[in-house]
Amino acid sequence: MDWIKVSIYTTSEGIEPVSGRLYQLGISGLEIEDEKDFKDFLENNKQYWDYVDEDLIRQMEGETQVKTYVSDDTEGRELLLAIKSTLRELKNLDENNEFGRLEIEIDNMTELDWANNWRQYFHPIEIGKKLMIKPEWEELTTPTDRIVFNIEPGMSFGTGSHYTTQLCLEELENYITPGVKMLDLGCGSGILSIISLLLGADKAVAVDIDPNAVDTAYRNAERNGINREKYKVLSGNVITDSEMQNEISQNKYEVVAANIVADVIIALAPKAKEYMKEGGVFITSGIIEDRLEDVKNALLENNFEIVKINQRKDWVSIVCK
């Protein structure tokens with residue numbers, strides 16, 4: 001298998017939050033290059049050096065980096081979208097700019113090169129009993145009776161190829177019925193909320209902390225014939241932004257979905273309950289297996305009843321009421 005090297009530029013203070021977010025995505029194999037450690041090493045070991053090559057120092061100095069590798073296939077490229085998305089979220093939360101620029105370098109490829117190259121890996125995917133995810137640049141060669149969702153993911157997570165998204169979509173098939181209202185917390189490309197509308201939902205509201213997700217989700221809605229009378233996309237922090245909370249709470253929702261990471265689901269549990277109709281369902285995913293008990297406990301503490309737990313490889317989805 002081929003691998004893509006991913007280098008994340010941060011600071012010494014950013015190593016822990018960046019590493020934590022990668023762990024939440026199931027990434028544990030990391031390489032750390034800490035600029036501060038290198039400078040401390042030089043300063044504290046002067047007595048051992050007769051001569052220090054200045055050219056070597058210039059080569060070694062630079063920004064702190066957290067490095068990892070993702071597989072060069074559909075799953076790995078979806079994971080790369082998730083890395084980009086979580087770094088944008090972290091950047092939005094870093095009000096004091098302690099964590100540096102939080103940008104990535106992908107094997108020295110430009111963003112445009114990567115975006116174009118990844119298309120060769122992304123083909124129509126059948127999910128569950130009713131759905132098909134189709135990149136807009138592909139043509140179907142045979143007719144299908146499935147609901148076809150056309151997507152151009154841009155740089156937002158959520159193409160349907162990652163297990164976490166598939167687990168959510170399979171449950172939406174079970175719980176979206178004509179006329180329901182749906183809330184998508186952490187919408188990314190808009191895939192969950194738009195497909196809910198295609199499945200028959202009357203209205204969907206989608207939220208993401210990343211402002212880039214708003215345009216991506218609206219464009220994907222247009223690709224699938226969904227107008228803005230039925231679909232609203234908002235950007236902000238649903239946990240702390242009172243103005244956004246007020247806007248969301250104009251409706252009560254039969255279905256709330258959160259395909260994010262364990263820590264965010266834990267923080268969302270009390271808020272999600274406020275937005276739900278009596279008997280509504282909360283579909284959560286993006287949970288790495290090691291964090292399953294933490295999320296379960298948080299849901300139970302907020303008086304949710306766990307209906308179903310699904311797992312695919314290391315990823316877990318919890319459905320609760």
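The values are calculated or read from the model by the stated rules, or taken from the named source; none is laboratory data. Computed from a prediction, not measured in an experiment: that's the story for all the values here. All Cβ positions, glycine included, derive from the backbone under ideal geometry; neighbour counts span all protein chains shown. Side chains included, ligands, DNA and RNA excluded: accessible areas come from the protein's heavy atoms. Shrake-Rupley method; radii C 1.70, N 1.55, O 1.52, S 1.80 Å.
Structure values in brief
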quantity	calculated
Residue among ILE239, GLY200, VAL264 farthest towards the positive dipole end of region 168-321, charges placed on Cβ	GLY200
Environment charge at VAL148 (Cβ cut-off 12 Å; Lys +1, Arg +1, Asp -1, Glu -1)	-1
Sum of side-chain charges, ASP241 neighbourhood, beta-carbon under 13 Å (Lys, Arg +1; Asp, Glu -1)	-2
Sequence-distant residues sharing a close amide H with ILE287 (under 5 Å, placed H)	VAL316
Cα Rg over Rh - the chain, Kirkwood	1.02
Interchain or long-range residues, amide H under 5 Å from ASN150's placed H	LYS134
Sparse-neighbour loop sites [GluC sites (Glu not before Pro); region 118-223; at most 10 other C-beta within 10 Å; DSSP]	GLU139
Potential extension, GLU293-LYS91 segment - 0.36 nm per residue separation minus Cα distance	69.9 nm
Relative contact order computed over the chain (Cα-Cα under 8 Å; 6+ residues apart), in percent	14 percent
ILE306 versus GLU75: modelled label distance in nm, points set 7 Å from Cα along the beta carbon direction	2.4 nm
Mean Cβ neighbour count within 10 Å, used as a protection proxy, ranking 235-244, 77-86, 179-188, 263-272 highest first	179-188, 77-86, 263-272, 235-244
Principal-axis tilt of helix 262-275 within the chain, Cα atoms, nearest 10 degrees	30 degrees
Table column - 3J(HN,Hα) (Hz), region 125-142, Karplus curve with 6.51, -1.76, 1.60, x for Gly and Pro	10, 8, 10, x, 9, 10, 10, 9, 9, 10, x, 5, 7, 9, 10, 6, 8, 9
Surface accessible to a 1.4 Å probe, LYS296 within the full protein complex, Å²	50 Å²
Relative contact order, percent, region 238-308 [alpha-carbon distance under 8 Å, six or more residues apart]	34 percent
Extension gain, GLU139 back to ARG101 (0.36 nm per residue minus Cα-Cα distance, nm)	9.8 nm
Environment charge of VAL261, counting only residues whose C-beta is closer than 9 Å and scoring Lys/Arg +1, Asp/Glu -1	+1
Whole-Å semi-axes of region 180-268's equivalent ellipsoid (Cα gyration tensor)	19, 14, 12
Share antiparallel - DSSP beta bridges, the chain, percent rounded to 5	55 percent
Over the chain: helical MRE at 222 nm, DSSP H runs n ≥ 4 each giving -39500 (n - 2.57), nearest 500	-11000 deg cm²/dmol
